[in-house]
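The values are calculated or read from the model by the stated rules, or taken from the named source; none is laboratory data. The model shown is predicted, which means the values in this text are computed figures rather than measured ones. Using ideal geometry, Cβ is built from the backbone for each residue, glycine included, and neighbour counts are taken over all protein chains shown. Remember, those area values only see protein heavy atoms, side chains included, never the ligands or the DNA or RNA. Shrake-Rupley method; radii C 1.70, N 1.55, O 1.52, S 1.80 Å.
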Amino acid sequence: MQNENLVQISFFNQLMLVHPRKKQNERSEASVQVSEYFVNAEGTGDKVNLSDLLGTVEKTSGASNKTKKQLRNLQSSKETLELPLNKQQTEKIQRGIAYEKTTAEVSCWKNIILQNQKAEQMVFPLNQESSGPKRVEQVVAGWKVQTPLEQEIFRLLHGSRQPVNDPVLTPVEEQSLKAMSLEEAKIRRAELQKARALQSYYEAKAKREKKIKSKKYHKVQNKAKRKDFLKQFDEMVKTNPEGALEELKKMELSRMEERMSLKHQNSGKWAKSKAIMAKYDDSARKAMQEQLQMNKDLTQKMVVPSDDEHESIEEGLETVPDFVNDPETVIDPVNPWMRGQLTHEEPEVSCVTAEEVQTAEEENEEEEIIGEFERKRKLRQADEEDLIPTEEEQEEEDEEEDVSEFNTLFRLMRSEKTREGSNQTRGGLNTAGEEDEEGLLSEGQIRVRSIEDLEVLDEVVEPRAIEEPSAPQTAAAEATSEPPHKKKREINLKEVLTKEAKAVRLPFLPTVVDEEERDEQISIIKEAFAGDDVISDFIKDKSRQEAAGRPAVVDLTLPGWGEWGGVGLKPPRWKRKRFRIKTAPPPPRQDQKLPDVIISEKRTASVASHQVSQLPFPFQNTAQFESSIRTPIGSTWNTQTVVKNMTKPKVVTKLGAIIEPMVKEDFIKSYYTLVTLKKYCYISCLCSWYCGVAC
Amino acid sequence: MKVKVLCRNPDDYVRETTRDIQRVPRNYDPTLHPFEVPREYTRALNATKLERVFAKPFVASLDGHRDGISCITKHAKSLSTIISGACDGEVKVWNLPRQECLRTVQAHEGFVRGICSRFCGTSFFTVGDDKTIKQWNWEAPGYGVREEPINTILGKAVFTGIDHHQREGTFVTCGQTVDIWDEQRSSPIRSFSWGVDSFSCVRYNPVETELLASCASDRSVVLYDTRESAPLRKVIMQLRSNTLCWNPMEAYYFTCANEDYNLYTYDIRHLDVPVTVHMDHVSAVLDVDYSPTGREFVSASFDKTIRIFPKDKGHSREVYHTKRMQHVICVRWSADNKYVLSGSDEMNIRLWKANASEKLGLLSAREKAATHYNKKLIEKFQHHPQVRRIARHRHLPGDILKQKRELREMREARRRKEQNVRKHSKPGSVPLLTEKEKHVVAVVE
């Protein structure tokens, strides 16, 4: 017992020791009447009014005037608070806010989705692990500590934030890694690789060039460098005059050095030896000249050339005589069929017989040919340079106007044709509902089992395909009513399915033909084509075709209808006027302005079933589509790598691999920061809450 | 004197081993290989024909159920395992390569309404008409041990669908409300409802894993976010949607299978108009599932066919049917993008190839190159009428064809009628509606 008492006392003492001088707080109770002697609960039921509080505030000196004023205003105001919104409305607002938030969050996928849609090739599964050997640390990640010693060690490690399972990366390092997303890291790596490769290329190149022993090579290099430098210097004068001045000083220095030395003065040992040879050897003379020129260049004073001088130089350049650029005029003067260009007489050919043409040509053929080529050349020059012709040319131009007019017409026509084509195809594109039709499967009751069946499948539907083209054909034959259906412009098979025929130009040797020989030739050709008059036949043929295409007047007058009829009576004028129907002219023929060509605009039925009738969707014009068809993709025409590249599939999957859906953390970098931020906020909130509780 | 010597590197013409194919020096001079386009056109035509000839999509039929299949699900980690639930409450686990049933469980009384696999592939959940959620082990019990669920939760109402979270231990069920459950608890941690409806399907978004969408019986599709207290938004269509599926590669697109024979792809950011209307079925569409690549989806319909649609095209690229297949209730696309599974009324599960003419198994490099080349050729010449005709040809049974024609006629009549109404009314009073706009009744915030 005593012991126990002792223990208790000592315990009490200890307590006293711990808090030897603790001040005892006064207890205060919330009550209206505060008595010095007792605590009572009177007035606890009463509510505290604002006025009660206000009264004390007014008296206290510490409270600011502002709060006092606010409180007074509050007391005087009679307004009540608004009722809260009803449940439906609050919920609607909540939903709206939540929806906005979610859509904003989901929108961050937009770039990735677009990128994937545009990608030429997608390889699934998306994030494949590297198949190489893994690090030991990763393999042993599942290992757990057991013995107390190990625990002690790991506690220490944890304390210093050292990595435990994967000792290669500390958490700090990991965070820094995560800061850069996978994609960015990839891009960065690629950049670095590229830079490194470029550097190594340049180094290798420099080394290689340095090793070259050829003096000539270095001479050329130096010359190029000098030229480059001069160009740069010109720019420098404009942009950076101070730098240019310094360069000038350097140049001046080199000039001085050059003047002092005997380097390029033809006084060295080499120069002397050359001087002996110079008498006989052309190259030696040239070399010496070059050296002297070098000296001259180097010792010349640098003067910044003014703009006027530049211009004069350019003009001088332009006035190089024309014959320098002339192509070699190669032609067989005898054979009229071998001439590439139309003579200016030919448009009138239709009214003159072939015989006359030939005789007329015989007389001044050579002169004409020469003149023609000159004109041609001029035309070409004008085309290329787009310059206003000089005065000399203008005189000539009057003469050649007819020819040039013809040529320009020809060119215009071509451009028109192409424009027309594109317009039509655009019109075709706009027709609604086409797109949908294309996607449809043609579902029927025929079951296809073999290739033969597929052929039959073709035939079954073919009649329809044939019918279509026949319709415009008959219309053309009748040559009445409506222009043929131009809206559905056919893509010509010749354009689509064949490679463009290349005109092979064989170089004719410019042989000098004697007058006699020429005459002989002409007579031989005449003899050979004595029986058949090819040209007039051709002209007749063409005019017949043209006539067939021309719209005829349809006479619908019924004699005797509404008036007297009989032999010798003509229907009156009003009737003829009213019932003779003129149809609109068809679009101009393609060969309208090509006198020596007939272009058939008929459609061949056998090929038509293989032709594309409308411009397919993604293409803007026929030329685009044709070019897409024209490039072959097979290994017969392309190298292996090209074929591999061109035929690579859009989606590649790995055999037997599960394709997981996308994982947000792999693709969106900002997500990480967002999550960590949120977590941090959460923790800080918790902390503050705990603090509040503790207080 | 300079002597030039011919020198050849044997590497250029000697094979490394005798098994290598001979090196063939090629000359790519275009004049030596004329008529590129006609030759390629012929090749393309042949490739198209061969593609149709080799199009044999049907792989296998798994029979063993004693009632119509109501739901199928894939194993999360194994390609060769699937589970199916039938209308008599039976659940079967199948091995696909061996085409046999591994395990049969009498899971529920009445229909098995939904099955979902846990993301780790250790267990799966079933819900049924008997108002229970049951969790089962993937591993079959030992010999002589009774099949017992790991966990059973008794709910207040019938559950009609279930789906599991992609990475966490929560799952969602639907019935009278959409409930989110923690695997460790026997009561839902949250339940959403918006008006009094019953829901037929609920799916987690596989990418944005906190997003949910469900199909309700008031013809609406409702969006949820599990982090929010209320549902997000709902879109009401003209007829009810049966099921929906999220695109696994594009977070904000989902496709719903509707009673009006169409499928609708929506962008959740713009719910007022569907992105694409997919039509080709001739009866109600009952199920839809995306391919794991997110490029295509497969749909099952009451018209006894399944169809494969590209995700951004209005019409299907493929239709599968057999004489014996009845109304297709459920359909799934395998996780390796190679196969499609369909479960139908007549108690069979069918395995189809996703690409009808694809050669299965390992391909040699030359085979691969040839298939790629052929595919590219068909793509290049796809607009040429002969190629297109052959590529598009599909055989359809007579009654479906008839229905299709009928439908087309009806659509045409409706269009004509509308046109006439527009013609005879004040200009502007009958607005021109596009196909996409026709089917959405309202978007409710």
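A few remarks follow.
- For the residues B:147, B:183, B:412, a GNM of chain B with alpha-carbon springs under 10 Å puts the largest fluctuation on B:412.
- Applying 1/(1 + (r/R0)^6) with R0 = 51 Å to the Cβ-Cβ distance of residue A:577 and residue A:599 gives a FRET efficiency near 0.90.
- Accessible area per residue in Å² at 1.4 Å probe, computed on the range B:151-262: 33 Å²
- For the residue pairs B:77/B:131; B:380/B:404; B:56/B:338, alpha carbon separations beyond 19 Å are given by B:77/B:131; B:380/B:404.
- The distance from the alpha carbon centre of the range B:361-378 to that of the range B:108-131 is 41 Å, rounded to a whole number.
- Within the range B:392-406, the residues that become at least 40 Å² less accessible when every protein chain is included than when their own chain is isolated (1.4 Å probe; DNA, RNA and ligands ignored) are B:392, B:393, B:394, B:395, B:401.
- Within the shell defined by Cβ-Cβ distances under 11 Å, the residues around residue A:556 carry a net charge of +3, with Lys and Arg each +1 and Asp and Glu each -1.
- For residue B:239, no residue 5 or more places off, or on another chain, has a built amide H under 5 Å of its own.
- Backbone HN-Hα couplings from phi across the range B:415-421 [Karplus 6.51/-1.76/1.60, Hz, Gly and Pro as x]: 5, 5, 4, 4, 4, 5, 4
- Surface composition of the range B:138-177: carbon plus sulfur atoms hold 50% of the accessible area, using a 1.4 angstrom probe and ignoring ligands, DNA and RNA.
- Rolling a 1.4 Å probe over the heavy atoms of the protein chains gives the range B:35-109 an accessible area of 41 Å² per residue.
- Per residue, the range B:376-445 exposes 66 Å² of solvent-accessible protein surface, assessed with a 1.4 angstrom probe and all protein chains in place.
- Site pair residue A:147 and residue A:227 shows an inter-label distance of 8.0 nm when each label is modelled 7 Å from Cα along Cα→Cβ.
- Directionally averaged shadow of the range B:144-258, computed from the convex hull of its alpha-carbon atoms, nm²: 8.5 nm²
- For the chain pair B and A, the interface hides roughly 7700 square angstrom of accessible area in total, found with a 1.4 Å probe.
- Model label sites at residue A:246 and residue A:298, defined 7 Å from Cα along the beta-carbon direction, differ in position by 2.4 nm.
- Taking label positions 7 Å along the Cα-Cβ direction at both residue B:273 and residue B:198, the computed distance is 3.6 nm, reported to one decimal.
- Chain-alone versus full-assembly comparison, the range B:193-234, residues with accessible loss of at least 50 Å² (1.4 Å probe): B:207, B:208, B:228, B:232, B:233
- In this structure, the amide hydrogen of residue B:329, modeled 1.01 Å from its nitrogen in the peptide plane, lies closer than 5 angstrom to those of B:343, B:344, B:345, counting only residues at least 5 positions away or on a different chain.
- Using a cutoff of 8 angstrom between alpha carbon atoms and counting only pairs six or more residues apart, the relative contact order for chain B works out to 13 percent.
- Computed on the Cα trace of the range B:280-358, the radius of gyration divided by the Kirkwood hydrodynamic radius gives Rg/Rh = 0.93.
- Averaged over the residues of B:15-28, the number of partner chain Cβ atoms lying within 10 Å of the residue Cβ comes to 1.
- Rg(Cα)/(2.2 N^0.38 Å) for the range B:282-435, N = residue count: 1.32
- A simple packing score, the average count of other Cβ atoms within 10 Å per residue, orders the peptides B:233-246, B:264-277 as B:233-246, B:264-277, with the highest score first.
- Of all the options B:363, B:212, B:45, the one that moves most in a Gaussian network model of chain B with Cα springs shorter than 10 angstrom is B:363.
- Distance from the range B:267-282 to the range B:1-79 (C-alpha centre basis), Å: 38 Å
- Taking other residues whose beta carbon is less than 15 angstrom from the beta carbon of residue B:117, and scoring Lys, Arg as +1 and Asp, Glu as -1, yields +3.
- Isotropically averaged projected area of the range B:349-430, using the convex hull of Cα atoms (one quarter of hull area), nm²: 10.7 nm²
- Accessible surface of the range B:227-374, 1.4 Å probe, proportion on carbon and sulfur as whole %: 52 percent
- 5 angstrom amide H check on residue B:233, placed H, neighbours 5+ away: B:223
- Nearest-10 value in Å² for the accessible area of residue B:197, using the 1.4 Å probe: 30 Å²
- Across the range A:251-300, the relative contact order, built from alpha-carbon pairs under 8 Å that are at least six residues apart, equals 47 percent.
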